[in-house]
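Here the structure is laid out as structure tokens; the discussion comes afterwards.
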Amino acid sequence: PLKKRLAMALWLVWTSFRGQLRRGRRFVMFGRETARLKQAVDAFVKETDARPLKNIASQEYAIRGSQYEYGPYPFGALQQLSHLYNVVPWYDLFAWSGYRREAALKAVKAAAPNPFLFAIVTRKLNDWVPQVRAAAAECVTRCAAVSPPSLVAEAMWALTPELYKWGRMDPEGIAAFEALATTPGVRDALLEMFLERPIGPGARVLRRLIRQPGWEEVLPSLQSNACQPAVRATALTMLYRREARWETGWTYEWTQKPFGEKRRVRTFQTRALVTEADKAALLQGALTDRSPMVRKAAGDLLIQDRRSLGADAQKIAARMAVDANPAVAERGRYVLNNPV
């Protein structure tokens, strides 16, 4: 009996020691895997720094598809390690599983590391899973509050023209995204982009941002100082008509209903703008613009409104008729030959 009790005690000691040894090994291995995961996530974020904000959907699908391939570092390393964790920061925004995408959005507490990943967070507002869209609406607001305004503005510059194409967005998601444009820091960054960027979707961005109250205050500045002629022409049209107009999507209208023939047309919404700009002065100022696009926009407005402008219409048309650009001069001659 004494030998049996001694053997049992030794066996219990060995069993306890072996369990502690295994737990220690697991702890060491978990620490090593955690370090590897952090290194892989950092490399993944660094790789996304160089990605342009064009064709966001195609890039998202490409990264998502790489999760099922043991490709080159960092995607292969992340794919091997991601199954050890419930959520992998930023990487699981591209996961096939809606549960992991939702968990990744809820785990985002810090600033976005680059505009591309913030754009991906914003794209989750159009996710096909309702719970993911709800988590994205909260994440966009939370992430934008701690991210640099220039980073948020960069993502908005790229994504704003595409919003009307996203058919699954909830009202909460639309409100969360549009509220970013009224943030003072983001608004100033966007205004700076309008004034300095010579290329890009500036006019389409302006048509979407003008939906928010307060943006009509910067229209006079954009009409005079914006870098892109399309932005100056758009601001001129809005100030002259005292109305904002933007695309909302597509619909169909019948061309031959008895034969079932129809065509696809764009749909628009409008908002009245509060402005006291003088219409004749706006057209006079537009004639001094260096771009024919702006002068042609002024000519179109003059033709449409020549009756209400009265004698000012003839004065503006006389200046326009001698313009160096043939298209602008033709508009001026038309008004002179057709005063009423």
_Taking the criterion of being more than 30 Å from the chain's Cα centre (by Cα), farther than 21 Å from residue 164 by Cβ and without any contact (Cβ under 8 Å) to a residue 60 or more places away in the chain, would at least one residue in region 265-275 satisfy it?_
no
Picking from 125, 191, 151, the residue that is of a type outside the set (Gly, Ala, Ser), modelled with pLDDT under 95 and within 20 Å of residue 49 (Cα to Cα) would be 151
Picked from region 198-247 (must be of a type in the set (Asp, Glu) and within 22 Å of the chain's Cα centre (by Cα)), the residue surrounded by the most Cβ atoms within 10 Å (Cβ to Cβ) is 216
Here, helices (runs of 4 or more DSSP H) confined to region 279-340 with at least 3 residues that are surrounded by 15 or more Cβ atoms within 10 Å (Cβ to Cβ) and among the hydrophobic types (A, V, I, L, M, F, W, C) are 279-286, 292-304, 311-321, 326-337
The residue from 112, 119 that alone is closer than 16 Å to residue 91 by Cβ and either modelled with pLDDT of 95 or more or in contact with a Ser or Thr (Cβ under 6 Å, 6 or more places away or on another chain) (or both) is 112
- Query: Is it the case that some residue within region 255-275 is surrounded by 10 or more Cβ atoms within 10 Å (Cβ to Cβ), touching a Gly at 6+ places or on another chain (Cβ under 9 Å) and hydrophobic (A, V, I, L, M, F, W, C)?
  - Reply: no
Here the residues within region 145-165 that are more than 11 Å from the chain's Cα centre (by Cα) and surrounded by fewer than 17 Cβ atoms within 10 Å (Cβ to Cβ) are 145, 146, 148, 150, 165
Taking region 105-137 and the residues there that are in a helix (DSSP H, G or I), under 16 Å from the mean Cα position of the chain (by Cα) and not aliphatic (A, V, I, L, M), the one that is nearest to residue 190 (Cα to Cα) would be 115
Residue within region 180-187 that is in contact (Cβ under 8 Å) with a residue 40 or more places away in the chain and over 16 Å from residue 297 (Cα atoms) present:
yes
Mind checking whether some residue in region 327-336 is under 36 Å from the mean Cα position of the chain (by Cα) and either within 25 Å of residue 227 (Cβ to Cβ) or modelled with pLDDT of 95 or more (or both)?
-> yes
Next on the checklist: So for region 110-117 (the condition being among the small types (Gly, Ala, Ser) and in contact with an Asp or Glu (Cβ under 6 Å, 6 or more places away or on another chain)), does at least one residue qualify?
Outcome noted: no
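With region 162-245 as the region, which helices (runs of 4 or more DSSP H) entirely inside it contain at least 2 residues that are among the β-branched types (Val, Ile, Thr)? First the steps, then the outcome.
Values: elements: 171-180, 184-196, 202-209, 219-225, 229-241.
Correct list: 229-241.
The values are calculated or read from the model by the stated rules, or taken from the named source; none is laboratory data. In this text, all values refer to a predicted model and were calculated from it rather than measured experimentally. Glycine gets a Cβ as well: all are built from the backbone with ideal geometry, and neighbour counts include every protein chain shown.
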